[in-house]
Structures are given as structure tokens and as C-alpha cells.
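Notes to accompany the following structure.
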């Protein structure tokens with residue numbers, strides 16, 4: 001029988017074989033988060049094309065599917081195609097004000113659209129969760145899209161429940177250049193700015209970082225998709241500047 005000391009000794013030996021790739025250190029907190037966040041936005045107004053291309057590359061590297069359309073009104077067509085190819089009949093979405101798009105007029109004759117209620121309330125939240133569990137596709141916006149990792153970041157809150165992106169087998173996130181940032185360090189600044197400004201603070205309890213489809217590996221390293229989240233994640237980038 002292996003003793004605890006022997007087991008830990010083997011772990012230490014293996015760790016020593018692979019030295020750290022870089023020293024770890026906490027990122028400095030900005031003294032004026034709102035000003036730092038505004039500076040990032042001004043920089044991204046010029047650098048967003050490069051950030052978008054990096055996001056596309058990294059997003060596809062982790063198994064995401066990238067789409068690009070000219071106008072927000074073109075997004076429902078992409079969503080309809082995704083749903084049709086997967087035999088989906090029921091779609092859940094964030095509330096239209098949170099999404100920046102009302103799917104019902106464009107897709108209501110082809111698909112059953114269940115939008116989250118714009119306000120809170122326990123009964124409404126549970127009802128939307130049940131609808132999301134039964135739906136084949138969930139449509140959300142994205143508060144940020146991180147170029148260096150291909151990650152979508154979503155704040156939960158009124159009209160934007162996390163169940164919309166987590167429970168359906170396919171997740172589609174719609175976003176514009178206003179959501180693009182280059183790095184995790186920049187996201188840290190943006191979140192600091194949210195927390196110090198009550199008028200702009202997040203209203204929900206959860207911040208979701210989504211990097212590709214859900215992946216789970218057992219002890220034999222057999223990879224399975226969709227156990228703890230969607231099997232597919234699609235990102236729809238809209239060229240027009242109005243943010244969802």
C-alpha cells in the first residue's frame with residue numbers, strides 16, 4: 001500500500017521535472033479604475049480589428065465556431081441556420097433589451113422563441129431555467145470577448161440569466177466591437193471599474209468566462225463534450241458599432 005508520504009513524494013518529483021513557465025504575480029489594481037477602463041476603450045477603438053482576428057483564431061482553436069455579419073439585423077439569419085442544421089425547434093434568449101435584438105419577429109414563425117423576462121423574480125427565473133433546460137439553443141450577448149484566449153465573458157443579472165448559455169446544447173453569443181478587449185489583464189480593469197461605480201455595477205451574482213464548448217475528462221483522460229455545459233459554442237460578430 002502506498003503511504004501518504006510516498007504519494008506526495010512522487011507528486012513533488014513530477015512537479016520538479018517541469019519548472020514554471022513564468023513567475024506568477026498578482027496584477028496591480030488601478031488607482032482610478034474608471035479612467036483606466038476608459039483608456040482601454042479608447043485604445044480598442046483603434047486596435048479592434050487586430051483583436052478580432054486574434055479572438056477568431058483563439059476561439060476556433062478551442063473548438064468555437066465564428067461567424068461575422070454586417071448588421072445586427074443579419075444575426076437572426078445565422079441563428080436560424082444554426083438551429084435548422086441541428087434540428088432545433090426551441091430557442092431561449094436573453095431579454096431583447098439585454099441582447100440588443102428581438103428574435104421573435106424574425107424567427108417566431110420558424111422557431112419557438114422564449115426570451116428571459118427583463119426583470120427579476122424567483123418564479124420568472126425558475127420558469128426560464130426550465131425553458132433553457134428543454135431548449136436546444138440559447139442566445140446571449142457578450143459583455144466582453146478576450147482576444148488572447150478566445151473567451152466570452154457574460155455578467156448575469158435581470159434579463160440575462162446564466163441558464164441561457166449553460167443549459168442548451170448549443171450556445172450562440174452575439175457581440176460587437178465594443179465588447180473586444182485584448183487580454184485578461186484588461187478584463188481585470190473593466191471589472192474593477194464596475195465594482196467602484198454603483199451606477200454601472202453588475203446586478204447579478206455570477207460572471208461567466210466561457211472558453212469554447214464544455215469539456216470533461218475522466219481519470220483515463222477520455223474527453224467528453226457537453227457534460228457540464230454546451231457541446232457547441234458559436235460567436236456572431238456584428239460589424240455595426242451599436243453594442244448589444
Item to check | Which listed residue, of 147, 127, 133, 80, is crowded, with 17+ Cβ neighbours inside 10 Å and closer than 24 Å to residue 207 by Cβ | outcome: 147
Checklist entry - Considering only the stretch 154-174, how many residues are in a strand (DSSP E or B) and at positive phi? => result 1
Checklist entry - So which of 135, 131, 116, 106 is touching a residue at least 24 places away in the same chain (Cβ under 8 Å) and closer than 14 Å to residue 76 by Cα? => result 106
Item to check | Subset tally (residues that are closer than 23 Å to residue 179 by Cβ and surrounded by fewer than 18 Cβ atoms within 10 Å (Cβ to Cβ)) for the stretch 107-120 | outcome: 1
Item to check | Condition check for residue 210: surrounded by 19 or more Cβ atoms within 10 Å (Cβ to Cβ), out of contact with any strand residue (DSSP E or B) (no Cβ under 8 Å at 6 or more places or on another chain) and at pLDDT 90 or above | outcome: no
Next on the checklist: Cβ contacts < 9 Å: first residue within 11 Å of residue 33 (Cβ to Cβ), restricted to the stretch 187-209; second residue at pLDDT below 65 and assigned to a loop (DSSP other than H, G, I, E, B), any location; separation 6+ or different chain. Result?
Outcome noted: 191/202; 194/201; 194/202; 195/201; 195/202
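The values are calculated or read from the model by the stated rules, or taken from the named source; none is laboratory data. It should be emphasised that the depicted structure is a prediction, and the values quoted were computed from it without experimental measurement. Neighbour counts run over all protein chains shown; Cβ positions are idealised from the backbone, glycine included.
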